[in-house]
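Data block below; observations after.
The values are calculated or read from the model by the stated rules, or taken from the named source; none is laboratory data. The shown structure was predicted, so the numbers you read here are calculated from the model rather than taken from an experiment. Keep in mind that these areas ignore ligands, DNA and RNA; they rest on the heavy atoms of the full protein, side chains included. Shrake-Rupley method; radii C 1.70, N 1.55, O 1.52, S 1.80 Å.
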Amino acid sequence: MKSKLLILAGMLLFCQLSFSLSCMYRGYLKENNKVFYVHGKDKEELKNIDYKTFEVVDSLPHFDLLAKDKKNVYYQGKVVKGVNPKTFKIVKENFPPDKGLWKYGCGSSGYIIEDKGMQYELKEVF
């Protein structure tokens, strides 16, 4: 009986570990006057960023996907074209669906933002 419980506990631990690794951090990193978008082990330097005014706008649980500087709005490290960083607003946050025993999910998440009467749906791309 004890060995069966150990096997079951090991399986649960393995499943949680594999799930956690699939939900690696995604977000922005500021260092040495540069801004990077980090996705798991990948780290991409963002070009033409105004380092002094760059900031994460809002943060979903464990993810920093939306940011801005004085010139642009960024989602997952890409410029959101046609959106003014001074006038846009977040209409809705889309959270990942609840999954598993711990009610934590990683999956599609994002925002609906609005600027100048236009709405933009930003969906996470993996």
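Structure notes:
- The residues of segment 34-94 expose on average 59 square angstrom of accessible surface per residue, using a 1.4 Å probe on protein heavy atoms.
- Listed residue pairs exceeding 24 Å between alpha carbons, taken from Lys43/Lys71; Lys86/Lys123; Lys30/Lys116; Lys34/Lys116; Lys41/Lys71; Lys47/Lys116: Lys30/Lys116; Lys34/Lys116; Lys41/Lys71; Lys47/Lys116
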